[in-house]
Structures are given as C-alpha cells and as structure tokens.
Amino acid sequence: MSDGTATVEDLDVRLEKHRVELTGYCYRMLGSSFEAEDAVQDTLVRAWRSYDKFEGRSSLRSWLYRIATNVCLDMLTAGNKRARPMDLTESTPLAQAALTPRADNTWLEPMPDARVLPTVGDPAEAAVAKESVRLAFMAALQQLPPKQRAVLILREVLAWKASEVAELLGTTVASVNSALQRARATLSESAESGSAAARAATSDPLDEEQQKLLERYVAAFEGYDMTALTALLHEDAVMTMPPFDLWLTGPSDITGFMTTLGAACADSHLVPVAVNGLPGFAQYKPDPETGGHTAWAVQVLEISEGRITGFHCFLDTQRWFPLFGLPLHLEGKADEGEQRP
C-alpha cells in the first residue's frame with residue numbers, strides 16, 4: 001500500500017467520524033432528513049476535494065462546520081420553510097375532515113435518533129441534543145432566517161463561543177450576539193403561543209411513569225380500544241398526518257377519526273423506534289392480501305404530565321421505513337416476534 005493511498009484512507013476515516021454530528025446540524029438547519037444527508041455528503045466531498053487547501057488554522061471539525069453551513073445556506077436560498085400541519089392551517093373539526101396532501105418539501109420530516117445524535121458522555125449535553133431535534137423545537141427553528149438559525153444552533157445547541165461563530169460566518173461578535181438575541185426572542189414567542197404539544201416534556205431516559213404510559217398506549221392502539229386511548233390523551237392533544245394538511249385537536253375528534261376515516265388501522269402492530277429525541281413507533285396495519293402487516297406510518301409521540309399531547313403520523317412509508325432500517329412488510333403473527341428489532 002502506498003503512502004498516498006494510506007493518506008486518502010486516513011482522511012476518509014477522519015471525515016467520516018464527523019458524519020453523525022454534521023447530519024444533526026444540517027437536519028436542524030434544513031428540517032429535512034434526506035436534504036440533511038445530502039448536505040453532509042456534499043460537505044464531505046467538498047472537504048475531501050479541497051483538503052490540500054486546508055491550512056490547519058482551525059480544527060478539522062470547525063472547518064467541516066464552515067463548509068456544512070455554506071452548503072445549508074445555499075440550499076435555503078429558495079426560501080422554503082418546512083412546517084407541521086398546525087403551522088399552516090387551523091385545526092379541522094372531525095365533521096369537516098378531508099385528506100388533502102401537500103408536496104413533500106412542505107413538511108418537517110422525522111429523523112432516527114441514531115443518525116443525528118452522536119454518543120456523548122455528558123448526560124446534560126445528551127439531553128440538550130435530544131431536545132434540539134424534537135418536532136416543536138425543529139418547527140420553531142424553521143421560522144428563523146437562515147443565518148439566525150445557524151447562530152442559534154451553534155451557540156445554544158453546540159455551545160460554540162460567539163467568537164468561533166463569528167469566525168465561521170465571517171462576521172463580528174456583535175453581529176452574532178445580536179442575531180442570537182433576535183433568534184431567542186422569536187423562539188420564546190413561539191413557545192408562549194404554542195399548544196400543549198409544543199410544551200411537551202419528556203425525560204431522558206424515560207421515567208417509570210412515561211414507560212408505563214407508552215405500554216398502555218401500545219395496548220390501547222393495538223387493541224383499538226378508544227376508551228383506553230381517550231384516557232391517555234391530553235385534552236388539547238393534537239394529531240397530524242403529513243403529507244395531509246389535516247390536523248385534529250382533542251380526544252373526541254382524534255378517536256372519532258380513528259374509528260371512521262382511520263378504521264383500517266384496527267389490529268395494527270407497533271414496533272418501537274427512537275425518533276426526534278422522542279418515543280415513537282413504526283406502525284404496520286393489517287394486510288388482508290397476505291395475512292401479515294404492511295408499513296403504514298412512523299408515529300412520533302409527545303408526552304407531558306402523564307398524558308399524550310402530540311400524536312404525529314408520517315405516512316410516506318416508502319421513504320421513512322428504510323431510513324429507520326425497517327422492513328416494509330411483516331409476515332403473519334407466527335413470525336412477528338422474531339421481526340421486532
């Protein structure tokens with residue numbers, strides 16, 4: 001093996017070590033799972049091609065973040081802000097419920113924890129990282145102008161110094177501090193006006209009460225027991241179903257939808273997933289043709305004070321299930337136990 005080959009392989013390894021944290025950064029910037037992974041791939045390719053120009057005046061990590069920031073800012077010039085259904089329309093009463101889809105690039109997308117949350121030894125740092133990819137926080141980030149978004153993520157989530165952020169963005173410390181102040185004000189206003197779901201608080205790791213809540217939820221959903229499910233839902237709980245812009249509020253409308261338009265989800269099978277720093281499930285609904293279960297939704301749950309406050313179902317299973325490393329089909333009940341991750 002030549003020295004040149006060894007150097008190339010060493011650089012590949014060094015760059016790859018930063019993939020997960022860079023994906024987390026780009027995901028927070030862009031609000032899209034797939035765009036984030038594309039941005040990171042572009043970042044690593046650019047770094048590899050221009051490594052001979054890297055003079056070591058900053059760390060390799062800082063240099064990669066500079067490239068990633070420029071890639072994300074370029075991608076955000078189109079002005080598209082990804083959102084949740086409740087950011088776009090008013091809540092719809094069940095009697096007027098209609099499933100109207102919008103384009104994929106409308107929606108804030110789910111993301112497996114493993115792809116964006118690097119393993120860290122500090123529990124407090126890990127908790128901040130999880131909180132910063134939760135759906136409500138991600139939606140609030142999307143309301144910020146791109147450079148304010150970058151400043152807030154680098155300063156508040158990644159704990160960079162103002163001087164480091166100023167150097168990365170090619171601006172002044174005063175400008176960074178001003179952008180951070182404006183970003184904080186916007187996020188604070190968003191939190192104050194948010195629903196119960198936006199104020200959800202989940203322990204890390206889940207405490208005993210929350211674990212039992214999830215166990216009751218699985219039993220209620222798989223048994224399609226609407227009385228039991230109603231008892232688990234907060235009075236202001238919301239249900240969303242991207243790519244449809246419909247969203248429902250309150251246990252009555254949520255369970256009413258599930259027994260009417262959503263009745264085909266009875267006898268579903270749930271597989272736990274870690275998604276957006278929150279508890280979630282891959283939902284497989286019955287497949288009458290095969291007798292097994294077919295992929296239907298990635299569910300993300302927001303919980304607070306012993307109740308479910310948010311129930312978000314991402315329905316584009318052809319995209320989401322492979323992202324989570326899950327099959328699109330489960331065989332009959334005899335095989336299901338073996339297929340649970």
Taking segment 45-57 only, how many residues are in contact with a helix residue (DSSP H, G or I) (Cβ under 8 Å, 6 or more places away or on another chain) and either among the small types (Gly, Ala, Ser) or open to solvent by 50 Å² or more (accessible area, probe 1.4 Å) (or both)? 4
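Residues are listed down the side, and each one gets a yes or a no for (1) open to solvent by less than 70 Å² (accessible area, probe 1.4 Å); (2) hydrophobic (A, V, I, L, M, F, W, C); (3) at pLDDT below 95:
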position	(1), (2), (3)
Gly31	yes, no, no
Thr43	yes, no, no
Ser59	yes, no, yes
Cys72	yes, yes, no
Pro93	yes, no, yes
Gln96	no, no, yes
Selection count where residues are more than 24 Å from Leu261 (Cα to Cα) and touching a residue at least 60 places away in the same chain (Cβ under 8 Å), scope segment 79-100: 2
Failed condition for Pro118, given (1) part of a helix (DSSP H, G or I); (2) over 25 Å from Ser190 (Cα atoms); (3) not hydrophobic (A, V, I, L, M, F, W, C), with all others met? (1)
Looking at segment 257-271, which of the residues that are among the small types (Gly, Ala, Ser) and surrounded by 18 or more Cβ atoms within 10 Å (Cβ to Cβ) is farthest from Phe244 (Cα to Cα)? Ser268
The one condition in (1) open to solvent by 10 Å² or more (accessible area, probe 1.4 Å); (2) closer than 30 Å to Phe257 by Cα that Leu76 fails to fulfil: (2)
Among the residues of segment 147-186, what is the count of those that are under 23 Å from the mean Cα position of the chain (by Cα) and open to solvent by less than 30 Å² (accessible area, probe 1.4 Å)? 11
If you scan segment 233-256, which residues turn out to be surrounded by fewer than 20 Cβ atoms within 10 Å (Cβ to Cβ) and part of a helix (DSSP H, G or I)? Ser252, Gly256
Name every residue in segment 34-82 that is closer than 23 Å to Lys147 by Cβ, assigned to a helix (DSSP H, G or I) and among the basic types (Lys, Arg), in order of residue number. Arg46, Arg61, Arg66
The correct count of residues that are among the aliphatic types (A, V, I, L, M) and more than 21 Å from Ala237 (Cβ to Cβ) in segment 88-102 is 0
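The values are calculated or read from the model by the stated rules, or taken from the named source; none is laboratory data. Keep in mind it's a predicted model, so treat the numbers as computed, not measured. Cβ coordinates were reconstructed from backbone atoms using ideal geometry, including for glycine residues, and neighbour counts include every protein chain displayed. When the accessible area is computed, the model is the full protein with side chains, heavy atoms only, and any ligands, DNA or RNA have been set aside. Shrake-Rupley method; radii C 1.70, N 1.55, O 1.52, S 1.80 Å.
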